[in-house]
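J.: Sharing a structure here in structure tokens format.
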Amino acid sequence: MTAEDTHKVAELLRGQRFGFLTTTSPEGKLTSRPMALQEVEFDGDLWFITERTSDWLGHVATAPQVNVGVGSGGTWVSLSGHASIVDDVAKKKDLWNAGVEAWLPQGPEDPSVVLVKVHGDTAEYWDSPGNRLATAFSFVKAKATGEKPDTGENKVVDL
């Protein structure tokens, strides 16, 4: 891992509001749910806030290997890592915002609110040039010329 690689992943995650957190159920089935990404300086870790009674937290306890998928426009990030449940009131207060308050009005000091920390092992990203229109144009051009479309940059980063 280089600082430049981590910076690139951080740049692609910046401004993203939601990700799909995928866990493995005790029966071995992959399950995903949309989760709000907490705005923190990305250092390889992602943070989520949820209720302690969320059924899927049991998945984290038995199979902590998770994936978080984030994407919009021409940018996608797939981060694989290990999740842990964190009960830290100071960290909850640090991450608390109006969006979290809307879902969890009981506040950060309430014991029913917990953090989920995903410590990233690797991130794979796809960063297409331009926006959706540019990507679509690249596919049309490829069809007309017989060349491969310019799908942008794709890289796996060890975190």
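J.: Which of the residues belonging to region 69-103 are open to solvent by less than 60 Å² (accessible area, probe 1.4 Å), of a type outside the set (Gly, Ala, Ser) and within 18 Å of residue 19 (Cα to Cα)?
T.: If the condition is that a residue be open to solvent by less than 60 Å² (accessible area, probe 1.4 Å), of a type outside the set (Gly, Ala, Ser) and within 18 Å of residue 19 (Cα to Cα), then 70, 75, 77, 79, 95, 96, 100 are the ones that fit.
J.: Output the qualifying pairs, or none if there are none: Cβ atoms under 8 angstrom, residues six or more apart or on different chains, first residue in region 39-63 and in a helix (DSSP H, G or I), second residue of a type outside the set (D, E, K, R) and open to solvent by 40 Å² or more (accessible area, probe 1.4 Å).
T.: Pairs that qualify, where the first residue is in a helix (DSSP H, G or I) and the partner is of a type outside the set (D, E, K, R) and open to solvent by 40 Å² or more (accessible area, probe 1.4 Å), are 57/85; 58/26; 59/26; 59/31; 60/84; 60/85; 61/85; 62/26.
J.: Going by the conditions given, is residue 4 modelled with pLDDT under 95, of a type in the set (Asp, Glu) and either touching a Phe, Trp or Tyr at 6+ places or on another chain (Cβ under 7 Å) or not in a loop (DSSP other than H, G, I, E, B) (or both)? Full working, then the answer.
T.: Values: modelled with pLDDT under 95: yes; of a type in the set (Asp, Glu): yes; either touching a Phe, Trp or Tyr at 6+ places or on another chain (Cβ under 7 Å) or not in a loop (DSSP other than H, G, I, E, B) (or both): yes.
Yes.
J.: Scan region 68-101 residue by residue and report those that are within 24 Å of residue 31 (Cβ to Cβ) and among the small types (Gly, Ala, Ser).
T.: 69, 71, 72, 78, 80, 81, 83, 84, 99
J.: Just to be sure, is residue 31 in contact with a His (Cβ under 6 Å, 6 or more places away or on another chain) and either among the polar types (S, T, N, Q) or without any contact (Cβ under 8 Å) to a residue 24 or more places away in the chain (or both)?
T.: No.
J.: Here's something else I'd like to know. Specify which of the listed residues (60, 9, 66, 40) is surrounded by 12 or more Cβ atoms within 10 Å (Cβ to Cβ), out of contact with any Pro (no Cβ under 6 Å at 6 or more places or on another chain), at negative phi and at pLDDT below 90.
T.: Just a single option satisfies the conditions, and that option is 40.
J.: On the basis of being within 22 Å of residue 108 (Cα to Cα) and in contact with a Ser or Thr (Cβ under 7 Å, 6 or more places away or on another chain), does residue 21 make the cut?
T.: yes
J.: To continue, here is another question. Given the structure, is residue 25 at pLDDT 95 or above and touching a helix residue (DSSP H, G or I) at 6+ places or on another chain (Cβ under 6 Å)?
T.: yes
J.: Sticking with this one: Please indicate, with yes or no, whether at least one residue in region 18-27 is closer than 15 Å to residue 127 by Cβ and either out of contact with any Leu (no Cβ under 6 Å at 6 or more places or on another chain) or in contact (Cβ under 8 Å) with a residue 12 or more places away in the chain (or both).
T.: Among the residues of region 18-27, not one is closer than 15 Å to residue 127 by Cβ and either out of contact with any Leu (no Cβ under 6 Å at 6 or more places or on another chain) or in contact (Cβ under 8 Å) with a residue 12 or more places away in the chain (or both), which makes the answer no.
J.: Can you confirm whether region 94-104 contains a residue that is touching a residue at least 40 places away in the same chain (Cβ under 8 Å) and among the polar types (S, T, N, Q)?
T.: yes
The values are calculated or read from the model by the stated rules, or taken from the named source; none is laboratory data. All of these numbers come straight from a predicted model, not from anything done at the bench. Note that we place each Cβ from the backbone using ideal geometry, even for glycine, and neighbour counts take in every protein chain shown. Heads up: the accessible areas ignore ligands, DNA and RNA and are worked out on the full protein's heavy atoms, side chains in. Shrake-Rupley method; radii C 1.70, N 1.55, O 1.52, S 1.80 Å.
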